[in-house]
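Asker: Dumping the structure here so I can ask a few things about it.
The values are calculated or read from the model by the stated rules, or taken from the named source; none is laboratory data. Predicted model only: the values in this text are computed from it and were never measured. Don't worry about glycine lacking a Cβ; one is built from the backbone with ideal geometry, like all the others, and counts go over all protein chains shown. Heads up: the accessible areas ignore ligands, DNA and RNA and are worked out on the full protein's heavy atoms, side chains in. Shrake-Rupley method; radii C 1.70, N 1.55, O 1.52, S 1.80 Å.
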Amino acid sequence: MSELLLRFDNVSKSFGSGTYAVHAARSVSFSLDSGRALAIVGESGSGKTTCARMAMLEYLPSAGKVLFKGEPTEGRRGRDLAAYRRAVQMIFQDPFASLNPVHTIAYHLKRTLSLHRPDVTAKDLDAEVEKQLATVKLDPALVAPKYPHELSGGQRQRVNIARALSAQPQVLVADEPTSMLDVSVRLGVLNLLNEMKTTRNLGMLYITHDIATARYVAEDIAVMYSGQIVEWGDCGSVIDNPQHPYTRLLLSAVPDPERRFSDASSRLDPKEADAVRRAAAMDGRKVLTVGERHFALASVG
Amino acid sequence: MSDSLLSVKDLTIDYIGAEKNFRAVDQVSFDVAPGEVFGLAGESGCGKSTVAFAVSRLHIPPALIRKGSEIRLAGRDVLALDNKALRDFRWREVAMVFQSAMNSLNPVLRIEDQFHDVLATHNRCSRKEARERTAEMLKLVDIKPERMRDYPHQFSGGMRQRIVIAICMALNPKLVIMDEPTTALDVVVQREILQRIDELRRQMGFSVLFITHDLGLMVQFCDRIGVMLSGKLVEQGRSDEIFRRPQHDYTRKLWASFPSLKGGLLG
């Protein structure tokens, strides 16, 4: 049932060259299976969005390979590229910037349908738009004729999800899909993503800085720092039994109502935190196997 | 309560519209004791930032504070202050840190000049005195004093935010208002900054009015919390009580919208 969809094989990406080079991704490897979500968690600048963009073929890796169902993705053109774009769809962070303000919601969906769904004929377009909006729990009659500015952030993000899903993708890349939404609507969007993942057997690459949300939507997790995945594996195992010092630091800093600042035991030592981050930025040399589905980079020193 | 530093009573604020007024804050009352961290929680649009603006008298039309509202800081009637009194009141009594505060630093001025601006305006400090105070304040937020000669772009986002906090505290205000001060920062940096503020308020004794939508963070940092829903303060209490025994339905719903690190939801 579960099928290997997307695979990163020692992928690196640098921007610029020489002393000014930024190594945004360093030897990143992971695989994404259908019906499962992999969360890439990290702070800003850790390289998680660079990975998402490489999965979308927006950036070409400087080294290593991105494979889709075992086939290399580099050099895809024309029909091959279009087929890939259909199979791998993206949901963007900013629901306000990712819809064209001069077009109606119906137009956005029709455009995706006419580009990626040759099976939908012109006379079925309207019916299909309705169907797609209904799957994301929006009222088609109400939403389809509207312009983006007439919708709330949560509604817009649902439209984005409908747009991505209407191409009938196999992989969904979601880059911080809820970080710009209000707390009360976040959960609804997360639940929708979870439901779509299961019912449509999608592989989901979920990019986030919020490790608690990652646990809510993803089966697997990869913690990134400074372009490297420092720890990865089964979500529960990584969060409950973290091995890499940076994962531990990240977990200790997550807002947790159980640990008040006034308790001395829950204090975080900034000097120690700096040391951990410095060590985590160095090249990881060895991979430790913690469990069957849980690995960590050996910390330096 | 006579021993409170900030006392807000029946605060009602309308945004005046051409056809209809919008009641952003409705009969809100709370007190903040000296040295206490009081949190205002709620979704966007619930009025929490409007309260913060009113307390520092930074609200501008179409926001209108209705008659019968009362804001007192250290016994003074904040709503009755004239322009000259306001100049003394802001920064010296109440300082504010905003969400994008790190972008409020002037990009073409050195850090020491930005400190000097505040210190000279409110305290008539000389260059030399300002420089001494700058060094002292930067040390408090763990930034090397030598770096006061640098420009804002030479610092990271977290450092810039710490600099803004240092400028805020340069005049020893009695109350610091923080409106989502760390939302744009990474969790580790957020933690470092808030922990530092927690230490500083214990040393220096200022109070904090803290605004965020992140309830978990609020419980960690605040002594007491008020929960706002469409302009009304629906519940207030000690943070552990808001967490363990929320009384109002809305508070329970808010908790139930946060995923927990341990799996499932917080509520």
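Asker: Could you pull out the trypsin sites (Lys or Arg not before Pro) across the range B:179-267 that fall in loop regions by DSSP (anything but H, G, I, E, B) with no more than 14 other Cβ atoms inside 10 Å? Write down the numbers at each step before the final one.
Answerer: On the way: sites: B:Arg191, B:Arg196, B:Arg201, B:Arg202, B:Arg224, B:Lys232, B:Arg238, B:Arg244, B:Arg252, B:Lys253, B:Lys262; in loops: B:Lys262.
Of the trypsin sites (Lys or Arg not before Pro), the ones in loops of the range B:179-267 whose Cβ has at most 14 other Cβ atoms within 10 Å are B:Lys262.
Asker: Here is a follow-up. Please tell me the relative contact order of chain B in percent, rounded to the nearest whole number, where contacts are Cα pairs under 8 Å and at least six residues apart.
Answerer: Details: 482 pairs, mean separation 67.1, N = 267.
Answer for chain B is 25 percent.
Asker: If you restrict to DSSP beta bridges whose two residues both lie in chain A, what percentage is antiparallel, to the nearest 5? Please list the in-between numbers first.
Answerer: Values: 28 of 46 bridges.
Beta bridges within chain A, antiparallel portion: roughly 60 percent.
Asker: Starting from the residue with the highest accessible area, list B:Trp91, B:Trp255 in decreasing order, probe 1.4 Å. List each step's numbers first, then the result.
Answerer: Values: B:Trp91 75, B:Trp255 5 Å².
Accessible-area ranking of B:Trp91, B:Trp255, largest first: B:Trp91, B:Trp255.
Asker: In deg cm²/dmol, rounded to 500, what helix-only [θ] at 222 nm does the protein assembly as shown give when every DSSP H run of at least 4 residues adds -39500 (n - 2.57) and the total is split over its residues?
Answerer: On the way: 20 runs with 203 residues, N = 568.
My calculation for the protein assembly as shown gives -10500 deg cm²/dmol from helical runs alone.
Asker: Could you name every residue in the range A:185-226 that has 40 Å² or more less accessible surface in the full protein assembly than in its own chain alone (probe 1.4 Å, ligands and nucleic acids excluded)?
Answerer: The answer is A:Leu187, A:Ala212, A:Arg215, A:Tyr216.
Asker: So, one more: Rounding to the nearest 10 and keeping the result within 0 to 90°, find how far the Cα-based axis of helix A:125-135 lies from the longest principal axis of chain A.
Answerer: Taking the Cα atoms of chain A, the angle to A:125-135 is about 40 degrees.
Asker: Contour minus end-to-end for A:Ser265 and A:Asn100, with contour as 0.36 nm per residue of separation and end-to-end as the Cα-Cα distance?
Answerer: Details: separation 165, 0.36 × 165 = 59.40 nm, distance 4.97 nm.
Extra length from A:Ser265 to A:Asn100 when fully extended: 54.4 nm.
Asker: Could you work out the local net charge near A:Gly64, counting Lys and Arg as +1, Asp and Glu as -1, over the other residues with Cβ closer than 11 Å to its Cβ?
Answerer: +2
Asker: Filter the trypsin sites (Lys or Arg not before Pro) in the range B:1-76 down to the DSSP loop ones having no more than 13 other Cβ atoms within 10 Å, then list what survives. Mind showing how you got there, number by number?
Answerer: Details: sites: B:Lys9, B:Lys20, B:Arg23, B:Lys48, B:Arg57, B:Arg66, B:Lys67, B:Arg72, B:Arg76; in loops: B:Lys20, B:Arg57, B:Arg66, B:Lys67.
Qualifying residues, ordered by number: B:Lys20, B:Lys67.
Asker: If a/c stays under 1.5 just call it rounded; otherwise compare a/b with b/c (prolate if a/b is bigger, oblate if not). Do that for chain B, with a ≥ b ≥ c from the square roots of the Cα gyration tensor eigenvalues. All intermediate terms of the calculation are to be shown ahead of the outcome.
Answerer: Numbers: a/c = 1.83, a/b = 1.28, b/c = 1.42.
It is oblate, given that a/c is not under 1.5 and a/b is not larger than b/c.
Asker: Follow-up. Considering only Cα-Cα distances, which of the following residue pairs are longer than 25 Å: A:Lys65/A:Lys286; B:Lys67/B:Lys232; A:Lys65/A:Lys131; A:Lys13/A:Lys110; A:Lys137/B:Lys20? All intermediate terms of the calculation are to be shown ahead of the outcome.
Answerer: Values: A:Lys65/A:Lys286 21 Å; B:Lys67/B:Lys232 17 Å; A:Lys65/A:Lys131 37 Å; A:Lys13/A:Lys110 35 Å; A:Lys137/B:Lys20 32 Å.
Over 25 Å Cα-Cα: A:Lys65/A:Lys131; A:Lys13/A:Lys110; A:Lys137/B:Lys20.
Asker: Moving on. Do any residues of the range B:156-199 show a loss of at least 30 square angstrom of accessible area between the isolated chain and the full protein assembly, using a 1.4 Å probe, and if so which?
Answerer: In the range B:156-199, residues shielded by partner chains: B:Asp186, B:Val187, B:Val188, B:Arg191, B:Glu192, B:Gln195, B:Asp198.
Asker: Have a look at the range B:250-267 and report residues whose accessible surface goes down by 40 Å² or more when the remaining protein chains are included, against the chain on its own, probe 1.4 Å, ligands and DNA/RNA excluded.
Answerer: B:Ser257, B:Pro259, B:Leu261, B:Lys262
Asker: Ignoring ligands, DNA and RNA and using a 1.4 Å probe, state the total buried accessible area between A and B in Å², rounded to the nearest 100. Walk me through the numbers on the way to the answer.
Answerer: On the way: alone 15200 and 13380 Å², together 25310 Å².
The summed interface area works out to 3300 Å².
Asker: Shielding by partners for B:234-247, please: the mean number of other protein chain Cβ atoms within 10 Å of each residue's Cβ. Present the calculation step by step, with values, prior to reporting the outcome.
Answerer: Numbers: counts 0, 0, 0, 0, 0, 2, 3, 0, 1, 3, 2, 0, 0, 0.
That works out to 1 on average.
Asker: Relative contact order for the range A:4-297: what percent, with Cα pairs under 8 Å and sequence separation of 6 or more?
Answerer: Values: 529 pairs, mean separation 67.5, N = 294.
Once normalised by length, the contact order is 23 percent.
Asker: Is the shape of chain A best called rounded, prolate or oblate, per the rule: a/c under 1.5 gives rounded, else a/b larger than b/c gives prolate, else oblate, with a ≥ b ≥ c the square roots of the Cα gyration tensor eigenvalues?
Answerer: Numbers: a/c = 2.08, a/b = 1.51, b/c = 1.38.
The shape class here is prolate.
Asker: Continuing with the same structure: Quick one: among B:Ala120, B:Ala85, B:Ala170, which has the greatest mean-square fluctuation in a GNM of chain B with alpha-carbon springs under 10 angstrom?
Answerer: With Cα springs under 10 Å in chain B, the top fluctuation among B:Ala120, B:Ala85, B:Ala170 is at B:Ala85.
Asker: Counting other Cβ atoms within 10 Å, keep those with at most 11, restrict to DSSP loop, and tell me which GluC sites (Glu not before Pro) in the range A:34-127 are left.
Answerer: Working: sites: A:Glu43, A:Glu58, A:Glu74; in loops: A:Glu43, A:Glu58, A:Glu74.
Those satisfying the criteria are A:Glu58, A:Glu74.
Asker: Can you give me the accessible area per residue for the protein assembly as shown, using a 1.4 Å probe, in Å²? Present the calculation step by step, with values, prior to reporting the outcome.
Answerer: Values: 25310 Å² over 568 residues.
Result: 45 Å² per residue.
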